[in-house]
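Accompanying notes for the structure given below.
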Amino acid sequence: MKRDIDVYTTLLSLSEDEVRGKTVIVIDVLRASSTIITAMHRGARSVIAVEDMGEASRIAQNLDPTRRLLCGERDGKLIEGYDLGNSPSEYTDELVADKTLIFTTTNGTKAIARSSLADRVIIAGFLNADAVADAVKQAEGEVIMVCAGWKGRLSLEDVLCAGYIVNSFYDGQLPETAKDGAKVAMGLFERFSDRLYEVVAATNHAKRLQEMGYAEDIGYCCALNTVNIVPEVVEGVIKI
Ligand code: MLT
């Protein structure tokens, strides 16, 4: 019998202790997860995801400056003095290959930090959704998905991605034992799956990104299963 998978639709609903002994899948479609997946796919050595800029600076000072990049955003914008922002388009092979990326974002890296007591932490987006679903089908213990959202509020694009993974995890058939979070996420995904891009492009955060000139990131982050990797936090560092 298949194990169940649950969905936390916002970060506020998750306590750090709750993740102990579990596999946590962190989703921030726009855009932290999608950027991490892209960076790893384009050859980054690893990503060190941290919650705040102070910690990012401390880590950066202890690494060889020729082999690391300081990356991330606040409120979607590049942080002064940082090498890269949070648009996946910035993470080219030339820039990131073999580099350690120190990465801090408004919500996504908070969700990763909040999950640090879990047995396993996996980074997911639409880009690698099937690869993640396949990986967790084999996982031991409980699996939960954590949607990063925006400053404590729900982000529809994250819940839709969770719904896609629930659907894939259960091969399209929700069991009677399915948790409420999984039912909500899968229900929303089924409702909107035939016009995913259109629905994501109309979300709150997509509108913020469009206003900041990042409209192209939305289509990129909505593309399903373009990347067949499963980035995972190993001893505090994201690797594949
Ligand atoms: C976040 O972590 O809040 C996001 O990735 C914000 C963004 O789109 O840059």
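Relative to the Cα centre, what is the charge dipole magnitude of the chain, using +1 at the beta carbon of each Lys and Arg, -1 at the beta carbon of each Asp and Glu, and rounding to the nearest 20 debye?
Charge dipole of the chain: 160 debye, to the nearest 20.
Over the chain, DSSP H runs of length four or greater, each weighted -39,500 (n - 2.57), average out per residue to a 222 nm ellipticity of -10500 deg cm²/dmol.
Once the 1.4 Å probe is applied to the protein heavy atoms, the range 5-239 comes out at 43 Å² accessible per residue.
For the range 130-240, with all protein chains in place and a probe radius of 1.4 Å, 47% of the accessible heavy-atom surface sits on carbon or sulfur.
Take VAL184: with every protein chain present and a 1.4 Å probe, its accessible area is about 80 Å². Membrane-span-like helices in the chain (whole DSSP H runs, Cα extent of at least 15 Å along the helix axis, mean Kyte-Doolittle hydropathy of at least -0.5): 156-169, 180-192. Given R₀ = 30 Å, FRET efficiency for GLN173-ARG195 by Cβ-Cβ distance, to 0.05? Result of the calculation: an efficiency of 0.85.
Taking other residues whose beta carbon is less than 14 angstrom from the beta carbon of MET212, and scoring Lys, Arg as +1 and Asp, Glu as -1, yields -1. You can think of it this way: the chain between GLU142 and SER57 has 27.1 nm of extra reach, that is 0.36 nm per residue less the Cα-Cα gap. Counting 0.36 nm for each residue step from ALA215 to LYS151 and taking away their Cα separation leaves a gain of 20.9 nm. For the range 58-121, the fraction of 1.4 Å probe accessible surface lying on carbon and sulfur atoms is 48 percent.
Within a straight-line Cα-Cα reach of under 29 Å, LYS110 can be paired with the following lysines, leaving aside sequence neighbours fewer than 8 residues apart in one chain: LYS22, LYS77, LYS99, LYS137, LYS151, LYS179, LYS183, LYS207, LYS239. Ranked by the mean number of other Cβ atoms within 10 Å of their residues, highest first, the peptides 41-47, 121-127, 104-110 come out as 121-127, 104-110, 41-47. What's the center-to-center distance, using Cα atoms, between the range 131-208 and the range 79-107 in Å? The distance from the Cα centre of the range 131-208 to that of the range 79-107 comes to 26 Å.
The values are calculated or read from the model by the stated rules, or taken from the named source; none is laboratory data. The structure displayed is predicted, hence computed values, not measured ones. Ideal geometry is used to build each Cβ from the backbone, glycine not excepted, and the neighbour counts take in all protein chains shown. Ligands, DNA and RNA are stripped out before the accessible areas are found, and what is left, the full protein with its side chains, is counted by its heavy atoms. Shrake-Rupley method; radii C 1.70, N 1.55, O 1.52, S 1.80 Å.
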